1. Which of the residues belonging to region 864-900 are of a type in the set (A, V, I, L, M, F, W, C), open to solvent by less than 40 Å² (accessible area, probe 1.4 Å) and either in a loop (DSSP other than H, G, I, E, B) or in contact with a Pro (Cβ under 9 Å, 6 or more places away or on another chain) (or both)?
2. Does T1046 meet the test of being β-branched (V, I, T), open to solvent by 60 Å² or more (accessible area, probe 1.4 Å) and under 23 Å from the mean Cα position of the chain (by Cα)?
3. Yes or no: region 333-356 includes at least one residue that is part of a strand (DSSP E or B), crowded, with 24+ Cβ neighbours inside 10 Å and at pLDDT 95 or above.
4. Hey, which of the helices (runs of 4 or more DSSP H) in region 106-170, taking only ones fully inside, have at least 2 residues that are in contact with a strand residue (DSSP E or B) (Cβ under 6 Å, 6 or more places away or on another chain) and surrounded by 19 or more Cβ atoms within 10 Å (Cβ to Cβ)?
5. Out of all the residues in region 622-662, which are touching a Gly at 6+ places or on another chain (Cβ under 7 Å) and among the aliphatic types (A, V, I, L, M)?
6. Out of the residues in region 279-302 meeting the condition of being among the β-branched types (V, I, T) and under 38 Å from the mean Cα position of the chain (by Cα), tell me which one is most open to solvent (accessible area, probe 1.4 Å).
7. Among the residues of region 411-433, are any more than 26 Å from L304 (Cα to Cα) and either part of a loop (DSSP other than H, G, I, E, B) or in contact with a strand residue (DSSP E or B) (Cβ under 9 Å, 6 or more places away or on another chain) (or both)?
8. List every residue pair whose Cβ atoms lie under 6 Å apart, where the two residues are 6 or more positions apart in sequence or sit on different chains, the first residue falls within region 1170-1181 and is closer than 7 Å to A1233 by Cα and open to solvent by less than 10 Å² (accessible area, probe 1.4 Å), and the second residue, located anywhere, is in a loop (DSSP other than H, G, I, E, B) and not acidic (D, E).
Amino acid sequence: MRPMQLRPGALEGSAKCSHHVQKPLVPRVGSGSSQGRVMLVGAAAPVSRPATVQQRAPVTSRNNSVVVRSDQRGAGEDGMRLAHTGEVPFKKILCANRGEIAIRIFRAGTELGLRTVAIYSPADRLQPHRYKADEAYCVGTPDMQPVSCYLDMDTIIRVAKEAEVDAIHPGYGFLSENAVFARKCAEAGIVFIGPKPETIEAMGDKTAARRAALECGVPLVPGTNQPLSSPDEAKEFATKFGYPVILKAAMGGGGRGMRVVRHESEMSDAFIRASNEARSAFGDGRMFVEKYVEEPRHIEIQILADHYGNVVHLYERDCSVQRRHQKVVEIAPAPKLPNATRRALYEDAVKLARHVGYRNAGTVEFMVDKDGNHYFLEVNPRVQVEHTITEEITGVDIVQSQIKVAGGASLISLGLGTQADVPPVYGFSIQCRVTSEDPEQNFQPDTGRLEAYRMPGGPGIRMDGAVTTGNVVSRYYDSMLAKVIASAPTFRQATQKMQRALSEFQVRGIKTNIPFLENVMRHPEFLSGEATTFFIEKNQRDLFNFERHGSLRSSKLLTYLADMVVNGPDHPGAIGPAPTKVVPSPLVVPEHLAGSKLTGWRDVLTREGPEGWARAVRAHKGVLITDTTMRDAHQSLLATRMRTHDMLKAAPATAHILAGAGSLEMWGGATFDVSLRFLHECPWRRLERLRELVPNVPFQMLFRGANAVGYTSYPDNVVREFVRESVKCGVDIFRIFDSLNYVDNLLFGMDAVRDAGGVVEATLCYTGDLSDPRRSKYQLDYYLDLAEKLVAHGCHALAIKDMAGLLKPGAAATLVGALRERFPDTVIHVHTHDSAGTGVATQLAAAAAGADMVDCCVDSMSGLTSQPSMGAIVNALAGTDLDTGINPADIIPLSTYWEQTRQLYAPFESNMKAVSSDVYLHEMPGGQYTNLKFQAMSLGLGEEWDKICKAYAAANRALGDIVKVTPSSKVVGDLAQFMVQNNLDEHSLVTKAESLSFPSSVVEFMQGYLGQPSFGFPEPLRSRVLKGKHVIEGRPGASLAAMDLTGLEYRLKEKYGAGAIANRDVLSAALYPKVFDEYMTHMLQYSDLIEKLPTRAFLTPLEEDEEVEFEIAKGVAANIKYKAVGELQPNGKREVFFEANGVPRVVEVTDKKAELLVGKKAVREKADLAVLGSVGAPMAGTIIEVSVKPGSQVKPGQQLVVMNAMKMETAICAPVAGFITQVAVEVNDALDAGDLVVFIDTKDVAGAVEDPLSSGSDDEDIVQAAEAGNKQPALAA
């Protein structure tokens, strides 16, 4: 920072402030804070403050003496009085404004030793500007519009007179350009700190200002010189001069009441909206119109003039970075402005000010086109929002100068008598306006409580603001939170300081535009110093590509924790005991393995490719194991609820302990949709993070062939792209199966994996009993014939997938032995479940018969419906020719870790106590066994479990004794429950089929959506179920049109923001459109940080004074302690109190039980983000116009309602065609963001636009029975 510079005679201030004094103190910019105030010798000691503002009595008189009572705060919160400087004849000033400009004026007044008076509306009764003044008085009434309170001239004058105010400063906006108000001040004997009323009329009226500029030869853009009152007048001008044109408020600025009109069809609506906006902001809705100049720079000149005809300029500001004609970033001086243009701007600005006899501070604004030509825009006869940067480069305190000039001081007395006296420009200064707007949602204003607010500081940074932690940002006023000013010797250094300052902000509780401002500060065009008013519009891709902002994410995380405290956990299927409070530590790499180089079978695969890997595995002497702990084991035992958080804690040790393993099964199957649906985490991110920590062991996934990881058939291009992305993210081995062993589906899946470079493990799904000659369908020849087709098509491995645990040891020896003999060069891999307790014996028999790889899991996750014990298999084969290469002692810590971790998932335990050999009767897959049993309990069918098991077997027979694995097992399970609920057996099912309404999964199976069963569909049941519905012949995917993934990506980015959507997200949405929408909605509400939460804190509410600490990024930890929850408020919300990193935080959440507690609806209905026709309020605001009613038919883009938010009018339009079935708002309703506005039903509209995120099918809802949770349809009427 540069040192203070004093001019000759600078300390010769005049107590009378008369204009004849030649060289008094030049008003300089100070810190603006109480800490920076100079205390006079002999000043009074600190005094106590009164209890309330309302108790304060008037303390100043209107004579020349300064009277300050000892019971008043005379100069700031320190309680010390500042003596009057004698530079102005005033003793008390009032600011007829709010927010940061009010505080700025109070600081200037206090530094001059003046008493300060604030006014506030009822809506602003708790806003900081009220408490920064010495006195504060309410204006307006609760039934008035909040903005109108600050436009109530008579009340403001009355308050000023009663408070014995000498002068009123209007700030900017509101009444600052209102000549009537200036005259009323004069009539009341109060000085108006600003231009004369006549000047305001000449300059504040934009059309009058154009006439004045024309008179003195200042260049003008073609425009109207008289206010317009109708769109027709504007159309007449546009017809003459051509489009585009720009509409502007005749009596205001700041971007309010401004619209660019490019076509005649837009004029009427734009005029009405702009006029209404101007009337709301300035009390005058008159407009004028100009020819619109494309891509100019917006340059304004700061002028200062006194009562005696002296006018100087304080150089220029570049205000070109604008959005919707509102300034976002300002720079002083303007970088790279040609000197000739700069001098011409100065000359014309001063010439115009002299022409109209201007007095006080003001700004003359110009456009500068690409050729350096400049055109007059307007004069703002007031202090500007961006006056700060001029203060920084000149050292002139503009606000104090305003007050002094209003008190009769001359520019000579201020040391600014001639242009030569104005201090030369020092360096550059940049101002950023930090607002409560969400740039990811088209800058929708956000409102709410500031849960945390920490401002930047340090060298070269100035902050002008009016909010702090705990304040509520209102929907009624401007969205600006603070102005950040960065100053430095060069423009580039100033941008660097600004970048640093923006990064230091901590704003939580509301969304801000800080990420957008950070992008502006980094953009090459801005850094070049040549940005135009088109800068934001043409650089949207760069400026709106946001990194995730930490402070907002942490606030959302607290909201998640608070919501659980108030409303309880929302985890379907969590019916068991609470999670343990004992949290296992991350698993440590055994000491004798630590530091060793990580190598494994993935190195072979990477080096030699899938074919070389297959040869190496066949040449390997021992048996390789596949650990299913991270996939099928928890899917079978814990409803697939294992979180990535707990997997990562074991991953580094697993990479060392199981370095010799053939693979880790940790992805695919139900883990994909459950991650999105219930764990609210990205399955792709799980894959990538585990890959980073386990680089040496091949990753294996369960891949449903043409069904990918879904429950229905998808277009071929979706499946192929899914496989390619999976390989990129770390999957090595694809276990490709089909739920019906349908060859065409299998071959397509194999092709997709081979083309992507993955290991093709073609799968034989095992069912029946190979050792029972009475089971004629699934005998040895069936499996050998199927294997022949798969090997001939080119697989790297053959898998036997025994999903129900039906493969007995003898049958395993027979099947594996026959396959080994027939295919001596093919890798054989065996998977089974331990449902009947024979799993270990089966895998040992398979290994002895020639299997290369066998599936198992750590001991503490093994048995029952899971896989057989790893410890049992490893120990049984240790020291033999089939040794697994795994040290039995090393796997004990793995088992211990997962045993402790399993207790965290106690709510999802199946509560099975022992193995059950009845699996040989019903043939239910292991995972489905536990899930279906849970569903039966939740439906009240627990006592009929044996009946359900028998019904499952009967349903299987009725369907033709099919292969049972997801999704075909779901079909059998649904039919079994249907039969139990309707008291049907397999015979009555067929006879009554024509009168029954079957579950959709059964109907779709019969239609052929899953493919063709090996032995055909059962007749006559199929015909009776379908009742004439169409059927699919052959592979379902072959008849499906390719999905437009590019179009889907575009729609997703439109909906969620470009930065939130990657290629993998497009694939997730293609497979599970509804589930992905719900996942993204949850992410937007609570952020992705919930993935980082410890599992107990994720699953269950924190207890009072419970504390959790977790890592949110490398080297960055968060500490959260829950303290208490407040009483129910009238708005249906509760306050939840936390300490976050030791700092108190308060979060408000809606109590969903409030309706029951208060006996009425406490909160508005929210729009469903996943439903396109559910239209919500884009921001908090007030409804001012409703354009539709129930029954109305609307088209896309048609106006539904108009909202007023923060003085801006926004039309909410229909996103889709349809019929209005619900209008949830009325005129004058106050809405929060997300509140339902209207509901559009698209189903009955011919040609209605389809939900862009929907596949047109509800097939994603065909999930495992545990996830379905709904009763199947009963008998049809």
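1. L864, V874, I886, W898
2. Details: β-branched (V, I, T): yes; open to solvent by 60 Å² or more (accessible area, probe 1.4 Å): yes; under 23 Å from the mean Cα position of the chain (by Cα): yes.
Yes, satisfied.
3. First pass over region 333-356, keeping only residues part of a strand (DSSP E or B): none.
No - not one qualifying residue is present in region 333-356.
4. Working: elements: 128-132, 146-149, 153-162.
Output list reads 128-132, 153-162.
5. Across region 622-662, the qualifying residues are L624, I625, A639, A659.
6. Step one: filter region 279-302 for residues among the β-branched types (V, I, T), giving 289, 293, 299, 301.
Then keep just the ones that are under 38 Å from the mean Cα position of the chain (by Cα); that gives 293, 299.
Details: V293: 30, I299: 0 Å².
Result: V293.
7. So the first thing to find is which residues in region 411-433 are more than 26 Å from L304 (Cα to Cα), and the list is none.
Checking region 411-433: not a single residue is more than 26 Å from L304 (Cα to Cα) and either part of a loop (DSSP other than H, G, I, E, B) or in contact with a strand residue (DSSP E or B) (Cβ under 9 Å, 6 or more places away or on another chain) (or both).
8. A1177/A1233; A1180/T447; A1180/R475; A1180/A1233
The values are calculated or read from the model by the stated rules, or taken from the named source; none is laboratory data. As the structure is a computational prediction, the values presented were derived from the model and not from experiment. When we count neighbours, we look across all protein chains shown, and the Cβ atoms used for this are built from the backbone with ideal geometry, even at glycine. Note: accessible area is taken over every heavy atom of the protein model, side chains too, but ligands, DNA and RNA are not part of it. Shrake-Rupley method; radii C 1.70, N 1.55, O 1.52, S 1.80 Å.
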